[in-house]
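These notes concern the structure reproduced below.
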Amino acid sequence: MLNEARHHRGRVIGGRRVGWIVALTVGAGVTLAAGPARVALEESVPARTDISVPARGAGPGFTIEQVLSAPFPSELVAAPTGGAIAWVFDSVGARNIWVAAPPTYAAHRVTAYTGDDGQVITDVRWISGARGLVYVRGGNANGRGEIANPALIPTGVEQAVWTVALGPGMRAIGAPRRLGEGHSPAASLSGGRIAFVEKDQIWWTTIDERTAAAQLLHTRGKASTLRWSPDGVRLAFVSDRGAHSFIGVYDLSARALTYLAPSVDRDGDPTWSPDGHRVAFVRRPARTRSSVFGAQRVGQPWSIWIADVATGIGRGVWRAGDGRGSVFRELDDADQLFWATGDHIVFPWEHDGWEHLYSVAAAGGDATPLTPGDYEVEQVALTSDRAALIVSSNRNDLERRHLWRVPVTAGSSVERVVLDPDDTTRRDIEWSPTPLPDGNGVALLFSNSATPALPGVVKETPGPIVDLARSVVPASFPLSSLVEPQEVTFTAADGMEIHGQIFLPPGDDPAHPSPHPAVVFFHGGSRREMLLGWHYMQYYYNAYGMNQYLASRGYVVLSVNYRSGIGYGLNFREALNYGATGGSEYSDVVGAGLFLRGRGDVDPARIGAWGGSYGGYLTALALARSSDLYAAGVDWHGVHDWNLEFDAMIPGWDTERDLQARRLAYSSSPMSSTAAWRSPVLLIQGDDDRNVVFDQTVQLTEDLRARGVHVETLVFPDEEHDFLQHRHWVEAYRATAEFLDRMLGKKE
């Protein structure tokens, strides 16, 4: 549930965003096939614009392998010059970097890794002059310094920084070259310098191999968030010292290190001014006792500071007020501040209860709203002329994401980036906004309810998407067999309105529906939102495919966007008494079950639940407290006792002053209600889970066995929370479907 992901939004359960992992065990009665599936990607594919959705209907059945066979794109980045773009395709576990360049944008692969080896590719960056790419291969280390090795490679694995040179036609020149162990590379826009982090320290090298990788600085704390100045002579970074953090700037020519306006607070998110003389950053007030998985609507106000890099002297230029927006809410992006034209800073703020963009002069003053309305801004990128931002948001469509062009000048019109040829059949989800240099369009990733995620380019905004890689989708992918999920709302047990999507089995007569078994799906996070189509995060992308698979097998599937998730404003996300402070989401769990029980196409005696991470927590709550409503469930790496997580996350959590909070956390946990648990359950987790401690599954299994509850387990040795091997997704989903079939009495 708790999750990591390539984005940087705090602790979450489910998906890969924060860094907790999950293990899976094989228990009695569950037999899994090994053997990874394989699908080959073409070496070069043409760009296309014929991307309309095919006719939908009751197509033939399909396998879980088929519905998860399409490559998943991520790490989309644009070259600093020339208009080329790069991204990573994960094709059934084999990750490779692809590139497409104008004018044809024919996509081709520039690395040649094979096999479902569990080794991720992240942090893709262009080298100055678009002469090549730098990237990281291999996952992060756990608390014992171990790199995840779910493929059980006997020789071991590493996390290292690599580079691949590109020549004419953006083709690879030779094999990739290893720069050294580490992660988080930053490539300067001039000078050919590459900085990266190894064992919390900053290392560097030059791309022309004239300088061997060496430690650049020897500093206290943990270095992160490396940012080169525009001239490539200075490097800004965050130095995490535990309860506080500094912004450091190292001048390579002067060999001098300066910390900018150091304080007791937590400084982060450094952003250079266009002239390279100043750095703006976010200052979060000192807070030694973290509130985790409980509502935090207000707090000590955060602020924006600007410092002179030559002297280190800084000043606050803007401060959030008390009340709404006083707690900093990050964008789902690496950057939080944007130094725009007119010497203005653009930043996110929840002043009106929704995540929006505001602008303030670098000299100081009041903030001006740029994106007002009842919707959330999620991802943001600044255009090369710094006059506009391309944002991904759910404006006018709360259950999807679309790209919008937002001028920096307040009061200017906001416009859609993508021009839909037919709004009734083409309802895309668009994310990863990536402006191309010199105003030559926008690259993006997109999907819809049938079409899996793909990279694309909009050459002129607004305009149609030029599809860059449609032909890599395997012929066996069940494009025409998927159902169209429908948006629904229902009432929680305490009266709150909850949104979700329902997947109906194909072939039913709407006037005379047959009673089907049903399953409620709870996403992870909890800072997540399921959408009306293929998701922009791979964890939930796979979950969407699983829900489609269950619908194809005759289940009515309800995917619930429960309280404490995103997309519906601050008060919904910071729901009162949620998580470890009361488990108020349980009202949504009950409401979802009652909603299905009241439908004519659902057999009320055959309702189950499944979910991962935070969704595993809610699945366990459903079974522990509502076994009369939920007949069975599958709990992927769920939290069963909040105190186990806090013991691992918060130093000093077990001190005397936390006893009351510990009691509340336990009473909000499934473990406090197992005396009433009667429904059978399948528990799934990987034992190198960095998001949810593996003991969550161990202790619940022990407790349920002692009570005589039917419990099965599926464990993957050395696997993380967000599974790194494709075959483990397939095995776990197969086991989930087979278990639900057995326990809910599904008729073939």
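Looking across segment 338-351 at every residue that is among the aliphatic types (A, V, I, L, M) and buried (at least 23 other Cβ atoms within 10 Å of the Cβ), the one that is nearest to R284 (Cα to Cα) is identified as V346.
Restricting attention to segment 194-213 and to residues that are in a loop (DSSP other than H, G, I, E, B) and at negative phi, the residue that is modelled with the lowest pLDDT turns out to be R210.
When the residues of segment 359-374 are narrowed to those that are aliphatic (A, V, I, L, M) and in a loop (DSSP other than H, G, I, E, B), which ends up nearest to the chain's Cα centre (by Cα)? It comes out as L370.
One line per residue, one yes/no per condition, for (1) closer than 18 Å to T81 by Cα; (2) touching a residue at least 24 places away in the same chain (Cβ under 8 Å); (3) in a strand (DSSP E or B):
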site	(1), (2), (3)
D385	yes, yes, no
E399	no, yes, no
R405	no, yes, yes
R427	no, yes, no
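Scanning segment 567-597 for residues that are under 21 Å from F503 (Cα atoms) and not charged (D, E, K, R) yields G567, V589, V590, G591, A592, G593, L594, F595, L596. Within segment 390-416, the set of residues being in contact with a His (Cβ under 8 Å, 6 or more places away or on another chain) and surrounded by 23 or more Cβ atoms within 10 Å (Cβ to Cβ) comprises S392, S393. In this structure, V681 does not qualify as hydrophobic (A, V, I, L, M, F, W, C), buried (at least 24 other Cβ atoms within 10 Å of the Cβ) and under 28 Å from R287 (Cβ atoms). Beta carbons closer than 6 Å, at least 6 apart along the sequence or on distinct chains, pair a first residue in segment 170-186 that is assigned by TED's automatic domain parsing to the domain that holds A101 and closer than 19 Å to Y113 by Cα with a second that is among the hydrophobic types (A, V, I, L, M, F, W, C) and assigned to a loop (DSSP other than H, G, I, E, B) for M170/A84; M170/A101; A172/V110; L179/A213; G180/A213.
Looking only at residues that are in a loop (DSSP other than H, G, I, E, B) and aliphatic (A, V, I, L, M) in segment 296-315, which one is farthest from Y259 (Cα to Cα)? Before the answer, list the steps.
The initial filter retains those residues of segment 296-315 that are in a loop (DSSP other than H, G, I, E, B), namely 296-302, 309-313.
When the remaining residues are screened for being aliphatic (A, V, I, L, M), the result is 298, 309-310, 313.
Working: V298: 29, V309: 9, A310: 10, I313: 9 Å.
Within segment 296-315, the match that is farthest from Y259 (Cα to Cα) is V298.
For segment 548-586, the set of residues classified as surrounded by fewer than 24 Cβ atoms within 10 Å (Cβ to Cβ) and closer than 17 Å to A632 by Cβ consists of R553, G554, listed by residue number.
The condition (being in a loop (DSSP other than H, G, I, E, B) and outside the structural domain of L558 (by TED's automatic domain parsing)) is satisfied by just one residue among P506, P513, P474: P474.
Within segment 649-666, does at least one residue satisfy the condition of being in contact with a strand residue (DSSP E or B) (Cβ under 7 Å, 6 or more places away or on another chain) and in the same structural domain as A551 (by TED's automatic domain parsing)?
Initial filter on segment 649-666 (in contact with a strand residue (DSSP E or B) (Cβ under 7 Å, 6 or more places away or on another chain)): none.
No: zero hits.
Could you please let me know if V279 is in contact (Cβ under 8 Å) with a residue 60 or more places away in the chain and surrounded by 22 or more Cβ atoms within 10 Å (Cβ to Cβ)? Let's see the steps before the verdict.
Values: in contact (Cβ under 8 Å) with a residue 60 or more places away in the chain: no; surrounded by 22 or more Cβ atoms within 10 Å (Cβ to Cβ): yes.
So V279 fails the test.
Scanning segment 162-182 for residues that are more than 17 Å from V77 (Cα to Cα), buried (at least 20 other Cβ atoms within 10 Å of the Cβ) and within 26 Å of the chain's Cα centre (by Cα) yields a single hit, G182.
Restrict the check to segment 724-740 and report whether at least one residue is of a type outside the set (S, T, N, Q), outside any helix (DSSP H, G or I), within 30 Å of Q548 (Cα to Cα) and assigned by TED's automatic domain parsing to the domain that holds G615.
So far as segment 724-740 goes, yes, one or more of its residues are of a type outside the set (S, T, N, Q), outside any helix (DSSP H, G or I), within 30 Å of Q548 (Cα to Cα) and assigned by TED's automatic domain parsing to the domain that holds G615.
Pairing each residue of segment 149-168 that is more than 15 Å from T111 (Cβ to Cβ) with any residue that is in a loop (DSSP other than H, G, I, E, B) and aromatic (F, W, Y), provided the two are 6+ apart or on different chains, yields C-beta distances under 8 Å for P150/F723. Is it the case that some residue within segment 305-324 is in contact with a helix residue (DSSP H, G or I) (Cβ under 8 Å, 6 or more places away or on another chain) and either among the small types (G, A, S) or farther than 23 Å from Y578 by Cα (or both)? For segment 305-324, residues in contact with a helix residue (DSSP H, G or I) (Cβ under 8 Å, 6 or more places away or on another chain) and either among the small types (G, A, S) or farther than 23 Å from Y578 by Cα (or both): absent. Checking the stated criteria, T674 turns out not to satisfy the condition of being in a helix (DSSP H, G or I), crowded, with 24+ Cβ neighbours inside 10 Å, touching a residue at least 12 places away in the same chain (Cβ under 8 Å) and among the hydroxyl-bearing types (S, T, Y). Among the residues of segment 362-389, just one is in contact with a Leu (Cβ under 6 Å, 6 or more places away or on another chain), surrounded by fewer than 23 Cβ atoms within 10 Å (Cβ to Cβ) and under 20 Å from K459 (Cα atoms), namely L382.
Summed over segment 196-236, the residues that are crowded, with 19+ Cβ neighbours inside 10 Å and in contact with a Pro (Cβ under 7 Å, 6 or more places away or on another chain) give a count of 4.
Flag: R95 does not match the condition of being over 20 Å from L445 (Cα atoms), buried (at least 20 other Cβ atoms within 10 Å of the Cβ) and touching a Lys or Arg at 6+ places or on another chain (Cβ under 9 Å).
Restricting segment 477-503 to residues that are among the small types (G, A, S) and part of a helix (DSSP H, G or I) leaves a set whose member that is surrounded by the most Cβ atoms within 10 Å (Cβ to Cβ) is S481. Only one of the numbered conditions (1) in contact with a strand residue (DSSP E or B) (Cβ under 9 Å, 6 or more places away or on another chain); (2) over 21 Å from D200 (Cβ atoms) is not met by D322, and that is (1).
The values are calculated or read from the model by the stated rules, or taken from the named source; none is laboratory data. Quick caveat: nothing in here was measured; it's all calculated off a predicted structure. With ideal geometry, Cβ positions are generated from the backbone for all residues, glycine too; neighbour counts draw on all protein chains shown.
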